[in-house]
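Trainee: Sending over a structure as structure tokens; questions will come in a sec.
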Amino acid sequence: MKGSVKWQVTEVFKEIKAIGNSKYEAKNNARQAGAVGSAGIAKETGIYSYRTADSYRESVVKFANWAKENAGLKDLTKTTAEAVKSYLQSRIDENIAHKTFQLEKSALNKLETALNRYSEHHNLNRNYDFKLNENFNRQVQKDMQHADVRAYSKNDVDKLLKIHDKAVNLAVRCALSAGLRKSEILKLSISNLKENKIEIIGAKGGKDRIVSEISDKSLISDIKTFLKENNIEKLGDVVTGAKINNEIRAVLGDSGSIHSLRHNYAIETVKQFESQGYSHVEAVHMTSAELGHNRNEIITGVYSK
């Protein structure tokens, strides 16, 4: 199969494009044909909405570009289970959100279905079985959900604050003292840095916010100095998310990530607001806003643990 990555993905996905048809009816037909469980039904059904089609196609294009660069895959019909497994493992290593992983895994499951149909209709005599549910079972995904749901101990925090790499050190301080997400840290530029506050534009969910509860009072000036001295626009120009997390793991020797420091921030910020005379409910609500969430239960049910 020749053509650009995007063209190949689009062509293969035509095999399972069922926009305008009834997904409910298709699932019933799949069950009557012997499909068992959500995975079995998914293999027998197609894609029934433009939104899902666009989302899945984008995810598979991302995989195909990765496979082209890392596994020399130029023909999508020659996709192997090993390439798919390696790609998803690389995404786990990047500490993507569990929700994102689920989306990409579902998209690749649909690619498997599409490739099998394409093979049948074009007499390729190939069978595709990526074994995604076997390689990435419930325990793997459960570990993803809970790997970073904890705060670091004071001893571990002290170790992280001693990381020599300046960009990584600043990233650690941003998460610990301002509760910033990894993606927000990488986008930090002079325009985001105000007096005693950090302005986040287009954060998760497209939301803007102001972070004003910053425990490290020299953080903003240190970031400004670093950007100017290195003549860069944003922190992400000299460091990647993978680099940050690899440095953290090198220090702590575990599978943690910078996201855990948001848990430290949440715990300490709730305490700080309470010390200022706010009730616990008020402190949780204000901390939630600082972190970029709009539901208090996220703070009490996840970040405070």
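The values are calculated or read from the model by the stated rules, or taken from the named source; none is laboratory data. Note that the coordinates shown come from a computational prediction; the quantities given were computed from them, not determined experimentally. A quick note on method: Cβ atoms are made from the backbone with ideal geometry, for glycine too, and the neighbour counts reach across all protein chains shown.
Trainee: Step by step: first the residues of region 81-100, then only those that are outside any helix (DSSP H, G or I) and either farther than 18 Å from Asn245 by Cβ or in contact (Cβ under 8 Å) with a residue 24 or more places away in the chain (or both), then the one that is farthest from the chain's Cα centre (by Cα). Which residue is that?
Mentor: By that ranking, first place goes to Glu94.
Trainee: Within region 212-229, can you find the residues that are in contact with a Leu (Cβ under 9 Å, 6 or more places away or on another chain) and basic (Lys, Arg)?
Mentor: Lys224
Trainee: Output the number of the condition that Met1 fails; it satisfies all remaining conditions of (1) under 19 Å from Phe130 (Cβ atoms); (2) without any contact (Cβ under 8 Å) to a residue 40 or more places away in the chain; (3) part of a loop (DSSP other than H, G, I, E, B).
Mentor: Looking at each condition in turn, Met1 falls short on (2).
Trainee: Going residue by residue through region 57-74, is there one that turns out to be over 22 Å from Arg126 (Cβ atoms) and exposed (fewer than 14 other Cβ atoms within 10 Å of the Cβ)?
Mentor: yes
Trainee: Could you identify the single residue in Thr240, Thr225, Thr269 that is within 30 Å of Asp165 (Cα to Cα), at pLDDT 90 or above and under 19 Å from the mean Cα position of the chain (by Cα)?
Mentor: Every option except Thr240 fails the conditions.
Trainee: Hey, could you check region 253-271 for residues that are in contact with a Phe, Trp or Tyr (Cβ under 8 Å, 6 or more places away or on another chain) and among the aliphatic types (A, V, I, L, M) and say which is surrounded by the fewest Cβ atoms within 10 Å (Cβ to Cβ)?
Mentor: Step by step, filter region 253-271, then rank; the result is Ile267.
Trainee: Just the residues that are in contact with a Lys or Arg (Cβ under 9 Å, 6 or more places away or on another chain), within 18 Å of Lys204 (Cα to Cα), in a helix (DSSP H, G or I) and modelled with pLDDT of 55 or more, please, taken from region 272-305.
Mentor: Across region 272-305, the qualifying residues are Ser288, Ala289, Glu290, Leu291.
Yes/no matrix, rows are residues, columns are (1) without any contact (Cβ under 8 Å) to a residue 40 or more places away in the chain; (2) under 23 Å from Phe273 (Cα atoms); (3) assigned to a loop (DSSP other than H, G, I, E, B); (4) in contact with a strand residue (DSSP E or B) (Cβ under 7 Å, 6 or more places away or on another chain):
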site: Val168; (1), (2), (3), (4): no, no, no, no
site: Ser183; (1), (2), (3), (4): no, no, no, no
site: Ser191; (1), (2), (3), (4): yes, no, no, no
site: Glu199; (1), (2), (3), (4): yes, yes, no, yes
site: Ile210; (1), (2), (3), (4): yes, yes, no, yes
site: Glu213; (1), (2), (3), (4): no, yes, yes, no
site: Ser221; (1), (2), (3), (4): yes, no, no, no
site: Phe226; (1), (2), (3), (4): no, no, no, no
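Trainee: Sticking with this structure for a sec: With the requirement that a residue be of a type in the set (Gly, Ala, Ser) and surrounded by 11 or more Cβ atoms within 10 Å (Cβ to Cβ), what does region 20-37 give you?
Mentor: Once the filter is applied, which keeps residues that are of a type in the set (Gly, Ala, Ser) and surrounded by 11 or more Cβ atoms within 10 Å (Cβ to Cβ), region 20-37 yields Ser22, Ala26, Ala30, Ala35.
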